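> First the structure, then my questions, so here it is.
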């Protein structure tokens, strides 16, 4: 077992000994013995095992079967002849390897050269003298000193008392090692660090889940395996119909390319919003009342609503469903008008898009954010994940943000190419306002972070089956807001 690493659950039948060996380093093996002991089954989730042992889907002989979870770090040996099951702890230590070879895809020098010319033009674009926000930011205004209204109106983040978090976790912490909270686990740096904090610093036993909507990167999956394997945490995958989801993304991207509109770029990410619906269903199924998300306020991207014509500067919400009714109607109206102006959006992805809106803005979201109670420290997060867990970073960027999202390189390329800024500029500007980053350091960071991630962009176009060259040509032809 010492040579097996990452997020691993195995079942091996040894014919010469007439035994089956089962082992897991995450707890994702759930076993059941039939009444007479003659039958045995195992699944990856307790809910699946429960369905096979009772109700309409019960397997004959498994009604009210004896069930148990194989805990993280345990190995079981089943004697096929007698049906006897013995369980013992195991040891497994290793580092998860990074693939040695990464496929190289040719990048058109003409596009790169043109991108560099745009970057030179950006140097003359007006920016806030305090943060990084440029003149192309929606609803921006500068005072006599050149400070933008996003800075003058900014309300510093207020940390909720850590004692409040500790009290809540003390109340729900399990005494027998069974899951006591559910954590939405994207495989990104914040959710990965959140798992570390909950398990190592607060002694919790999180049950993690990931929603695969077709854009979870292989890198994110490897990092999820590292975290769950090292921490001994059970990980549940909820997967959409990947082929269908990518087809929906393709339809919306092709519709957008017919008539580019910055306000409609969020449609590319509509498919992932169902994670909130699945979160609620998972809480109900496992009868766990506490859901933890690991988002932080520095990542707010109000410019996306701004390009839709909605001034969201004063909107401070943690849960999208709490957006005031007037804001929801305004958003629907603005989307509706743009859809009517481009009928290509009325395609087979429409039901999926509407359900995404329902899941995100209507469905009640009963979770709390870990970073409401603790400061967000980028260096501490990166050092912990890379140093302690061997967390893998991307080859085409020095940033550790959004590297688990296959869509982010594409839409950030559009934003930066057309407007001169991206999510990185708003993120670093929030850090400046919080006093955790100097303007000079932030400028140096976004200079690097806004470089096109060509390999990732090309991979995205391949996944949704659109032409890379034609897509980039269309984006390059969009009038620039800084020229």
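> Can you check what the Kirkwood hydrodynamic radius comes to for the range 439-479, Cα pairs only, in Å to one decimal?
After inverting the pairwise mean of 1/r, the radius is 12.0 Å.
> According to the Kirkwood expression over distinct Cα-Cα pairs, how big is the hydrodynamic radius of the range 357-450, in Å?
Value: 15.6 Å, from the Cα pair sum.
> Mean 1/r over all different Cα pairs, inverted: what Kirkwood radius does the chain give, in Å?
This gives a value of 24.7 Å.
> Further, regarding this structure: Counting only helical runs of four or more DSSP H residues, what would the 222 nm mean residue ellipticity of the chain come to if each run contributes -39,500 (n - 2.57) and the total is spread over all its residues?
Mean residue ellipticity, 222 nm, calculated: -11500 deg cm²/dmol.
> Right, another one. Shape verdict for the range 413-483, please, from the Cα gyration tensor: rounded (a/c under 1.5), prolate (a/b greater than b/c) or oblate.
It is prolate, given that a/c is not under 1.5 and a/b is the larger ratio.
> Still on this model: Across 5 Å bins from the origin, how do the percents of Cα pairs in the range 141-207 run, short distances first?
All Cα pairs, binned at 5 Å, distribute as 3, 14, 17, 16, 12, 8, 7, 8, 7, 5, 2, 1, 0 percent.
> On to the next question. Calculate the FRET efficiency for residue 123 and residue 398 from the Cβ-Cβ distance with a Förster distance of 22 Å, rounded to the nearest 0.05. Don't jump to the answer; show the numbers that get you there.
On the way: r = 21 Å, r/R0 = 0.94.
Once the sixth-power term is evaluated, E becomes 0.60.
> In whole Å, largest first, what are the principal axis extents of the Cα atoms in the range 9-89?
Ordered largest first, the range 9-89 gives principal extents of 35, 28, 16 Å.
> How far, in nm, would the chain grow between residue 63 and residue 157 when pulled straight, counting 0.36 nm per residue and subtracting the alpha carbon separation?
Net length gain for the segment: 28.5 nm.
> For the range 20-76, what is the relative contact order in percent, using Cα pairs closer than 8 Å and at least 6 residues apart in sequence?
49 percent
> Cut-off is 10 Å between beta-carbons; in what order do 128, 228 appear when sorted fewest neighbours first?
Numbers: 128 24, 228 27.
So the residues, fewest neighbours to most, are 128, 228.
> With an 8 Å Cα cut-off and a minimum separation of 6 or more residues, compute the relative contact order for the chain in percent.
17 percent
> May I ask you to derive the relative contact order of the range 269-419, considering only C-alpha pairs under 8 Å and at least 6 residues apart, and to give it as an integer percent?
It rounds to 35 percent for the range 269-419.
> If I model a spin label at residue 87 and residue 325 as a point 7 Å from the Cα along the Cα→Cβ vector, what separation in nanometres do I get?
5.1 nm
> For the pair residue 242/residue 299, report the inter-label distance in nm, with labels modelled 7 Å from Cα in the Cβ direction.
Output for this residue pair reads 2.2 nm.
> Stretched out fully, how many nm does the piece from residue 43 to residue 440 gain, at 0.36 nm a residue minus the Cα gap?
137.6 nm
> With a Förster radius of 30 Å, plug the Cβ-Cβ distance of residue 51 and residue 167 into 1/(1 + (r/R0)^6) and report the FRET value to the nearest 0.05.
Approximately 0.25, to the nearest 0.05.
> Please determine, in degrees from 0 to 90 and to the nearest 10, the orientation of helix 109-122 with respect to the longest principal axis defined by the Cα atoms of the chain, where the helix direction is its Cα long axis.
Long axis of 109-122 versus the principal axis of the chain: about 60 degrees.
No value in this document is a laboratory result; all are computed from the given coordinates. On a predicted model such as this, the values are computed, not experimentally measured, just so you know. A quick note on method: Cβ atoms are made from the backbone with ideal geometry, for glycine too, and the neighbour counts reach across all protein chains shown.
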